[in-house]
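Visitor: For reference, the structure I am asking about is given below.
The values are calculated or read from the model by the stated rules, or taken from the named source; none is laboratory data. The structure displayed is predicted, hence computed values, not measured ones. Note that each Cβ is placed from the backbone with ideal geometry, even for glycine, and that neighbours are counted across all protein chains shown. Ligands, DNA and RNA are stripped out before the accessible areas are found, and what is left, the full protein with its side chains, is counted by its heavy atoms. Shrake-Rupley method; radii C 1.70, N 1.55, O 1.52, S 1.80 Å.
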Amino acid sequence: MKRLSIYVLCLFWINSSCQNKVAIDNIEEIPGASQQDEQYANVYKILDGVWKGNFLIYEDQKQVPKNTIDLKNISLTSVQKDGLKQINSIDVTQVYASKNPFFQSVTITDIYPDTRQKITSKGVNKIQDGRMWCVVKKPDETVIHQGSTEGKNTIIWERNEKSSQRIEYFKETVSNDFYEIVGWGYYKGDDTTLSPKLWFYAKYERQK
């Protein structure tokens, strides 16, 4: 009987370990939830539904030394400062659907108004290994951000890829009817000793 109990315990451990071997960029397989994931249960639930709005991209024409500004403390006023020039606008539709308290699928449809080009991407928001992740598979790349929370309805998403220089920071605040994004990014060739060259702002309205 003792050997049987040990055997069952080993099977449970092996099964649990296998469940958590899902790659972070895997958006099809739902990883097994661990005890450390419990703190984030339903953190994405408020996003469930359909959202539409405009994603605006700005270029900073008056960059300043990076150490003179607080890049973590950003809000709508950050994209209203003097020197920012809007360089693009994308019509966005996002459809979120939670599969369980730790895994949420998303379909993103981007339409560029000037060319009418339409791009559809698939992704997930998920909790894995005690961390928040956003994984989006675009036609030409897979984008992975790691998340944290600020207050009840704000998620902060970040990535820092040094080999190709993709450094991004976004604050997403969700209410019952609106979903607002403020963020910035450094990309290949950008001088990281200066304030970010590109800034982003979006406001999406819940459709249903």
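Visitor: So for the stretch 73-94 (the condition being under 26 Å from GLU28 (Cα atoms) and open to solvent by 70 Å² or more (accessible area, probe 1.4 Å)), does at least one residue qualify?
Guide: Scanning the stretch 73-94 turns up no residue that is under 26 Å from GLU28 (Cα atoms) and open to solvent by 70 Å² or more (accessible area, probe 1.4 Å).
Visitor: From the set of residues in the stretch 51-67 that are under 20 Å from TYR169 (Cβ atoms) and aromatic (Phe, Trp, Tyr), which is surrounded by the most Cβ atoms within 10 Å (Cβ to Cβ)?
Guide: It comes out as TYR58.
Visitor: Which one is farthest from ASP48 (Cα to Cα), of the residues in the stretch 135-144 that are open to solvent by 20 Å² or more (accessible area, probe 1.4 Å) and either in a strand (DSSP E or B) or of a type in the set (S, T, N, Q) (or both)?
Guide: It comes out as THR142.
Visitor: Which one is farthest from the chain's Cα centre (by Cα), of the residues in the stretch 99-119 that are surrounded by 12 or more Cβ atoms within 10 Å (Cβ to Cβ) and among the β-branched types (Val, Ile, Thr)? Walk me through how you get there before you give the answer.
Guide: Initial filter on the stretch 99-119 (surrounded by 12 or more Cβ atoms within 10 Å (Cβ to Cβ)): 100-112, 119.
Then keep just the ones that are among the β-branched types (Val, Ile, Thr); that gives 106-109, 111, 119.
Numbers: VAL106: 11, THR107: 13, ILE108: 12, THR109: 15, ILE111: 19, ILE119: 18 Å.
Ranking the candidates gives ILE111 first.
Visitor: Scan the stretch 120-134 residue by residue and report those that are open to solvent by 30 Å² or more (accessible area, probe 1.4 Å) and charged (D, E, K, R).
Guide: Passing the criteria: LYS122, ASP129, ARG131.
Visitor: Now a separate question. Any residue at all in the stretch 28-50 that's at positive phi, open to solvent by less than 50 Å² (accessible area, probe 1.4 Å) and over 17 Å from the mean Cα position of the chain (by Cα)? Write out each step before concluding.
Guide: Step one: filter the stretch 28-50 for residues at positive phi, giving 42, 49.
This time we only want the ones that are open to solvent by less than 50 Å² (accessible area, probe 1.4 Å), so: 49.
Restricting the remaining residues to those that are over 17 Å from the mean Cα position of the chain (by Cα) gives none.
Within the stretch 28-50 (the criterion being at positive phi, open to solvent by less than 50 Å² (accessible area, probe 1.4 Å) and over 17 Å from the mean Cα position of the chain (by Cα)), the answer is no, since none of the residues qualifies.
Visitor: Among the residues of the stretch 145-204, which ones are aliphatic (A, V, I, L, M) and open to solvent by 50 Å² or more (accessible area, probe 1.4 Å)? Reasoning before the result, please.
Guide: As a first pass, look at the stretch 145-204 and keep what is aliphatic (A, V, I, L, M): 155-156, 167, 174, 181-182, 194, 198, 202.
LEU194, the sole residue that qualifies.
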